[in-house]
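Visitor: Let me give you the structure first, and then I'll get to my questions.
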Amino acid sequence: MISEESEIKLKNDKAFLGHPKGLGFLAFTEAWERFSYYGMQSLLVLYMAKYLLHPGHIENIAFFGQFTAHYNTNDPTALSSKIFGDYAAWVYLTPIIGGFIADKFLGRTKAVLTGALLMAAGHFMMAFDYTFLFALLALVIGSGFFKGNLASQVGGLYKEGDNRRADAFQIYYLAIQAGVITSPLIVGTLGEKVGWHWGFGAAGVGMLVAVVIYVLGIKHFPKDVIEQKKENGKAAPNPLSFEDWKMIGVLVILIPILAIGLIPNMEIFNAYLLWGDRDFNLVFMGNKLPTTWLVTLDSIFSVTLMAGVAIFFRWYGTKWKEPDEITKMILGTFIATFGAMCLVMAELTKGPDGKIGLFWPVMFHIINSIGFAMVLPIALALFVRLAPVQLAATVTGLFNLTLFVANKSVGQIGALFEKMPTVQFWLLHVACAAFATICLLIVKFALRKRLAA
């Protein structure tokens with residue numbers, strides 16, 4: 001809830017690209033957090049499959065035997081995929097708890113700072129075999145405090161009915177992609193070429209930069225409801241109404257559908273990297289390029305095409321009625337279906353030397369990035385718009401269940417990579433995007449009144 005005085009101030013604040021100054025600090029905080037997170041994530045599955053889960057290292061990991069009791073530890077590739085899937089899934093589940101704690105006890109600012117410091121510690125602990133599981137735990141808990149609360153602060157910069165909010169989330173995601181572009185070039189290259197632990201250390205430094213930027217911008221962020229109550233004794237917002245609960249129910253229905261649609265995109269950090277490391281022709285001028293640079297390639301296309309999609313719809317809106325969020329998401333998953341088909345084509349056109357040229361992988365990144373631009377940021381904006389003000393951070397955290405389910409699924413599917421024919425493996429991803437498209441069409445027609453602006 002924003003006070004009337006704050007509403008006027010935020011409406012007149014156009015210091016950052018026509019948006020409130022706070023958006024700039026939040027966007028750059030997120031860019032550096034993504035630099036550290038995706039830099040570490042681009043290394044993680046390669047690090048486990050090629051180094052950590054082999055004799056001489058695996059026995060050094062504290063409590064690893066208990067943690068992997070239900071896994072087959074004799075297959076480093078499958079084990080790496082499952083651990084990656086579990087980690088990446090939990091990173092997106094804990095924001096629900098972190099959002100609730102922020103809404104009820106800490107406030108979003110203190111929650112974000114707590115999460116950022118825990119994540120920095122986690123990245124530094126990744127530099128040691130012994131503390132591997134402690135590092136993952138710190139990153140999971142830290143992300144829980146950080147993710148949903150930072151995103152809800154972006155939404156809190158705008159009063160009800162301010163049309164700049166949708167643009168703000170596009171800018172926010174552009175900042176994310178900027179961090180993702182640079183992280184494999186620095187973190188990935190250090191990890192693959194110099195030493196795995198150097199890469200993880202660089203990710204920790206990036207997280208500390210995020211903390212500094214966030215602290216510098218605190219005065220430009222809107223006050224939390226919990227802080228306003230402490231300051232002036234105002235009553236808390238009204239309890240959730242029946243209509244509020246129905247709206248939350250609609251958002252819950254969207255979670256598994258979006259998760260399935262995002263599986264081809266989320267696979268980029270898991271089996272796709274293992275496939276690329278094994279089969280792609282990454283040799284340039286006699287030297288093999290770091291496999292993690294595929295993540296940078298994807299991010300370059302993502303940031304360019306996300307901006308292009310935003311510009312296109314802004315232009316489209318001047319001529320015709322702009323599609324609503326659910327329609328854009330349907331278009332996004334439909335386009336992602338063709339992106340995943342490019343991976344099938346890549347395997348079918350493998351050369352006689354067993355190597356795959358980069359034409360079809362590049363086409364995958366282009367087409368998938370167009371689809372992705374119309375799914376994840378649009379879905380997040382929809383969740384923020386429909387979230388009841390009493391649980392804004394909690395419901396924004398609820399959005400991360402989408403990525404929890406997607407990453408958990410990717411971990412299980414990725415473990416099949418060396419057990420299934422490659423063509424069938426990628427056709428499974430095509431089917432996921434197609435299925436999500438059909439489900440979103442059904443939701444659009446069944447719940448169009450609930451989802452209307």
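The values are calculated or read from the model by the stated rules, or taken from the named source; none is laboratory data. Remember, it's a predicted structure, so these values are computed and weren't measured experimentally. FYI the Cβ positions are ideal-geometry reconstructions off the backbone, even for glycines, and counts take in every protein chain you see.
Visitor: For Leu451, all conditions in the list (1) under 21 Å from the mean Cα position of the chain (by Cα); (2) surrounded by 19 or more Cβ atoms within 10 Å (Cβ to Cβ) hold save one; what is the number of the exception?
Guide: Leu451 satisfies all of (1) under 21 Å from the mean Cα position of the chain (by Cα); (2) surrounded by 19 or more Cβ atoms within 10 Å (Cβ to Cβ) except (1).
Visitor: Going residue by residue through the range 312-321, is there one that turns out to be closer than 21 Å to Leu441 by Cα and out of contact with any strand residue (DSSP E or B) (no Cβ under 8 Å at 6 or more places or on another chain)?
Guide: yes
Visitor: Just to be sure, is Phe105 at positive phi, at pLDDT below 85 and over 22 Å from the mean Cα position of the chain (by Cα)?
Guide: No; evaluated as a whole, the condition is false for this residue.
Visitor: Here's a follow-up. Among the listed residues Gly371, Gly357, Gly351, which satisfies the condition of being within 16 Å of the chain's Cα centre (by Cα) and of a type in the set (Gly, Ala, Ser)?
Guide: After applying the criteria, what remains is Gly371.
Visitor: Also: Only one of (1) at pLDDT 75 or above; (2) surrounded by fewer than 16 Cβ atoms within 10 Å (Cβ to Cβ); (3) part of a loop (DSSP other than H, G, I, E, B) fails for Glu243. Which number is that?
Guide: (3)
Visitor: Same structure, new question: Applying the selection to the range 266-298, what residues are surrounded by 20 or more Cβ atoms within 10 Å (Cβ to Cβ), assigned to a loop (DSSP other than H, G, I, E, B) and more than 21 Å from the chain's Cα centre (by Cα)?
Guide: Of everything in the range 266-298, just one residue is surrounded by 20 or more Cβ atoms within 10 Å (Cβ to Cβ), assigned to a loop (DSSP other than H, G, I, E, B) and more than 21 Å from the chain's Cα centre (by Cα), namely Pro290.
Visitor: Scan the range 389-413 for residues that are more than 18 Å from the chain's Cα centre (by Cα) and either surrounded by fewer than 23 Cβ atoms within 10 Å (Cβ to Cβ) or modelled with pLDDT of 90 or more (or both) and jot them down.
Guide: Of everything in the range 389-413, those that are more than 18 Å from the chain's Cα centre (by Cα) and either surrounded by fewer than 23 Cβ atoms within 10 Å (Cβ to Cβ) or modelled with pLDDT of 90 or more (or both) turn out to be Val389, Gln390, Leu391, Gln412, Ile413.
Visitor: Oh, and also: Among the residues of the range 131-173, write down those that are in contact with a helix residue (DSSP H, G or I) (Cβ under 6 Å, 6 or more places away or on another chain) and not in a helix (DSSP H, G or I).
Guide: Result: Thr131, Leu157, Tyr158, Lys159.
Visitor: Any idea which residue in the range 250-298 is modelled with the lowest pLDDT, counting only those that are within 19 Å of Ile367 (Cα to Cα) and of a type in the set (Asp, Glu)?
Guide: It comes out as Asp298.
Visitor: Does Ala116 count as outside any helix (DSSP H, G or I) and in contact (Cβ under 8 Å) with a residue 24 or more places away in the chain?
Guide: no
Visitor: List, please: which pairs have Cβ atoms under 8 Å, are six or more places apart or on different chains, and start with a residue in the range 315-334 that is free of Cβ contacts under 8 Å to residues at least 12 places away in the same chain and end with one that is of a type in the set (A, V, I, L, M, F, W, C)?
Guide: Glu322/Phe313; Pro323/Phe313; Pro323/Leu331
Visitor: Taking the range 392-428, which residues are of a type outside the set (Gly, Ala, Ser) and in contact with an Asp or Glu (Cβ under 6 Å, 6 or more places away or on another chain)?
Guide: Thr394, Val410, Thr422, Val423
Visitor: If I ask for residues that are closer than 22 Å to His220 by Cα and assigned to a loop (DSSP other than H, G, I, E, B), which ones from the range 82-113 would you list?
Guide: Within the range 82-113, Gly107 is the sole residue that qualifies.
Visitor: Taking the residues in the range 107-164 that are farther than 24 Å from Trp198 by Cβ and of a type in the set (Asp, Glu) as candidates, determine which candidate is surrounded by the fewest Cβ atoms within 10 Å (Cβ to Cβ).
Guide: Glu160
Visitor: Does at least one position in the range 202-219 carry a residue that is of a type in the set (Val, Ile, Thr), modelled with pLDDT of 90 or more, closer than 30 Å to Leu289 by Cα and more than 22 Å from the chain's Cα centre (by Cα)?
Guide: Checking the range 202-219: not a single residue is of a type in the set (Val, Ile, Thr), modelled with pLDDT of 90 or more, closer than 30 Å to Leu289 by Cα and more than 22 Å from the chain's Cα centre (by Cα).
One line per residue, one yes/no per condition, for (1) modelled with pLDDT of 95 or more; (2) assigned to a loop (DSSP other than H, G, I, E, B):
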position: Ala310; (1), (2): no, no
position: Thr318; (1), (2): no, no
position: Glu322; (1), (2): no, yes
position: Ile326; (1), (2): no, no
position: Ile330; (1), (2): yes, no
position: Phe334; (1), (2): yes, no
position: Phe338; (1), (2): yes, no
position: Cys342; (1), (2): yes, no
position: Met345; (1), (2): yes, no
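Visitor: Give the residue that is surrounded by the fewest Cβ atoms within 10 Å (Cβ to Cβ), with candidates limited to residues of the range 302-341 that are in contact with a helix residue (DSSP H, G or I) (Cβ under 9 Å, 6 or more places away or on another chain) and among the basic types (Lys, Arg).
Guide: Arg314
Visitor: Return yes or no: is Phe64 among the hydrophobic types (A, V, I, L, M, F, W, C) and more than 29 Å from Gln412 (Cβ to Cβ)?
Guide: No; evaluated as a whole, the condition is false for this residue.
Visitor: Also, quick follow-up: All but one of (1) over 20 Å from the mean Cα position of the chain (by Cα); (2) of a type outside the set (D, E, K, R); (3) surrounded by 21 or more Cβ atoms within 10 Å (Cβ to Cβ); (4) under 25 Å from Arg450 (Cα atoms) hold for Pro377; which doesn't?
Guide: Going through (1) over 20 Å from the mean Cα position of the chain (by Cα); (2) of a type outside the set (D, E, K, R); (3) surrounded by 21 or more Cβ atoms within 10 Å (Cβ to Cβ); (4) under 25 Å from Arg450 (Cα atoms) one by one, Pro377 breaks only (1).
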